[in-house]
Protein chains: 2
Amino acid sequence: MVEQINQLDSVFGSLSDPTRRDILKRVSKKSMSVGQIASHYQLSFAAVAKHLKVLERAKLITKSRSGNEQIVSIAPSTLAEASNYLGNYKQLWEDRLDSLDNYLRKINKHKTRSH
Amino acid sequence: MVEQINQLDSVFGSLSDPTRRDILKRVSKKSMSVGQIASHYQLSFAAVAKHLKVLERAKLITKSRSGNEQIVSIAPSTLAEASNYLGNYKQLWEDRLDSLDNYLRKINKHKTRSH
DNA sequence: ATACTATTCAACCATATGGTTGAACAGATA
DNA sequence: TATCTGTTCAACCATATGGTTGAATAGTAT
């Protein structure tokens, strides 16, 4: 298909899978090899490796070779962007909810006044 | 497939598509009918309706009938959860970065001291 | 009832995704 | 060199996703 226009596509795409979220959680606590990660899941080694590819493409993790093993580490900055993205929305909603709240309060005050 | 285990799956899945993010952005500013939303995209009406279904399943939007039209509104609470989810990670990473930062500072101090 | 507008549903298609197994490759070690 | 461990790659399969068009439905208005 077309080129990767938006980083958010792949970041949120990565996060939409529970296995990948779990991997991310695991790796965020401690860097570990591909094999170590795979050992925690019932999936085939290759399946886990694919999940790691997805996370890597989204720049949520990085790999670095240490002898025989490939060490997987989290790449903090990328998810911060996603978090910020959502944070903005959160703000927006909170504002809207505040507006609603004010509106309701005004109505209420009005009702109370016109007793 | 199996039942929807995790709300986050569908929320992040929804967010992984740029059209859906755009719809969400649009709707977060102002509730509007399905037709109004569709008019902003080159896609077929049905395609946009499908995107709305996805957003609805993820509980990111709600619809309410107003006469002939179906009015689409944002459902703030769900995305707040996703935001919080990422927020936790952000915290985790910031902590890790802080640790790294302290570590580097310590090294640096050590270097400076042993001049 | 008829027709018009807004929306949904169904069938279909192409490509993406998530999984498998088995072969190939990289690095360490006998 | 041979071999063992760790990882990647390739081929394949089933299902999901994102798009299309056309028919069906809901509500409004004539």
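Since every read-out is calculated from the coordinates, none of them should be taken as a lab result. For clarity, every value in this text was computed on a predicted model and none was experimentally measured. Note: ideal-geometry Cβ built from the backbone for every residue, glycine included; neighbour counts use all protein chains shown.
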**Report entry** Interchain or long-range residues, amide H under 5 Å from A:Ile71's placed H
**Finding:** A:Ser64, A:Arg65, A:Ser66
Query raised in the report: Where the label is 7 Å out from Cα toward Cβ, how close does A:Lys25 come to the same position in every other copy, in nm, shortest first?
Result: 3.1
Report summary line: For the stretch B:1-50 the translational diffusion coefficient, Stokes-Einstein from a Kirkwood Rh over Cα pairs at 37 °C and viscosity 0.692 mPa s, in µm²/s, is roughly 271 µm²/s
Query raised in the report: If you plug each phi of the stretch A:27-44 into the Karplus form 6.51 cos²θ - 1.76 cosθ + 1.60 with θ = phi - 60°, what whole-Hz ³J(HN,Hα) values come out, in order, with x for Gly and Pro?
Result: 6, 5, 7, 6, 5, 7, 6, 4, x, 4, 4, 4, 4, 7, 10, 7, 5, 5
**Report entry** At 7 Å out from Cα toward Cβ: B:Asn68 inter-copy label distances (nm, ascending)
**Finding:** 7.2
Report summary line: For A:Asn6, inter-copy label-point distances (7 Å, Cα→Cβ), nm, shortest first, read 2.2
Query - Residue-wise HN-Hα coupling along the stretch A:64-74, computed from phi with Karplus coefficients 6.51, -1.76, 1.60 (Hz; x: Gly, Pro) - result: 9, 6, 9, x, 6, 9, 10, 8, 9, 10, 7
